[in-house]
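Just so you know, all these numbers are worked out from the coordinates, no wet-lab data involved. Quick caveat, the model's predicted, so the values are computed rather than measured. Neighbour counts are summed over all protein chains in view; Cβ atoms, including those assigned to glycine, are modelled from backbone coordinates with ideal geometry.
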């Protein structure tokens, strides 16, 4: 992620569930991205994410 250019304005970073770790999401925020990844159902403090944006992830892949 560090090699990605900093976004200009609001930019979603759609990530697979495998990247839902705290460190990965925090890095995305520090780099100026809005991480869009669903939390693991077992998390004690799950976060909100844009479900509509996440549903469109296959258009990027």
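Can you pull out every residue in segment 16-28 that is closer than 18 Å to residue 55 by Cα and exposed (fewer than 10 other Cβ atoms within 10 Å of the Cβ)? Quick ask: steps written out before the conclusion?
The initial filter retains those residues of segment 16-28 that are closer than 18 Å to residue 55 by Cα, namely 16-20.
Once the filter is applied, which keeps residues that are closer than 18 Å to residue 55 by Cα and exposed (fewer than 10 other Cβ atoms within 10 Å of the Cβ), segment 16-28 yields only 18.
When you scan segment 26-61, how many residues do you find that are without any contact (Cβ under 8 Å) to a residue 24 or more places away in the chain, in contact with a helix residue (DSSP H, G or I) (Cβ under 8 Å, 6 or more places away or on another chain) and under 21 Å from residue 8 (Cβ atoms)?
1
Residue by residue through segment 3-15, note down the ones that are over 8 Å from the mean Cα position of the chain (by Cα) and under 20 Å from residue 51 (Cα atoms).
The first filter runs over segment 3-15 and keeps only residues over 8 Å from the mean Cα position of the chain (by Cα), leaving 3-11.
Result: 10, 11.
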